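No lab work stands behind these numbers, since they all come straight from the coordinates. Keep in mind that this is a model prediction, so the values were computed, not measured. Cβ sites come from the backbone with ideal geometry, for glycine too, and all protein chains shown count toward neighbours.
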Amino acid sequence: MTRDGRRESDPRAEHLLARFAERFGSTDLPVPVDAVASDLLGLLVVESEDIEVSGLLVPASRYVFLSAREARESAGRRRFTLAHEIGHWVCQCDEGRGAAPEPILCREADLSAGGGGPLEREANNFAASLLMPEEPVRSMAARGVGAAEAAERFGVSDIAMEWRYFNLGITDARPG
C-alpha cells in the first residue's frame, strides 16, 4: 500500500498471468479467469445455489464454490469473486505452505474495496491485479479510455475499474 492509502499491483498476479501465457499462449482481454483457475491451477469451479456467501474456497479438495445467484446477476461480479478466491489460493494456500485446512468463506462485504481483514484485502488486491493488469490498464487510460469503457473491455464492473484507476493513480477521484 502506498502512503496515500492506494494499493499497488500484486506481482504474484502478474507472475500467474505470465505462467498462463507461457503454457497456453497469450492472454487476451478479458483475462480468462476460469481457465486460470481450472487449467493452470487445477481448481474445480462450481456455481452453487446452496451457498449463502459470494465465494468459498475449500483448499483441501481444490474446490471453489461461487454463488450461482450472484453469477446470474453480474458476470463482472462472478469474475471478480473467482479472481478473489484464486487470490486466497495463491496468497494463502499455495506458497509452499500446503493447503490451508479450513475453507475460506467470502461474503459480499468482503469483496468491497475496504471489506474484511488483511487476508480479504490481500485477495481483493490480487483479484484486481489479475483481472485488470497494470500495463494494459495504464495503456488504455493513456489513450483516454474512461473507467466505464475500460470495465467493459476487461470484463469487470464499473466500480472495480474505478477503484483500479484510483489505486494506480490514474485518477484522484476516490470511488464513492
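Things to note:
- Kirkwood radius and radius of gyration were both taken over the C-alpha atoms of the range 11-167, and their ratio Rg/Rh is 0.95.
- Highest mean first, the peptides 150-162, 41-53, 130-142 sorted by other C-beta atoms within 10 Å per residue fall in the order 150-162, 130-142, 41-53.
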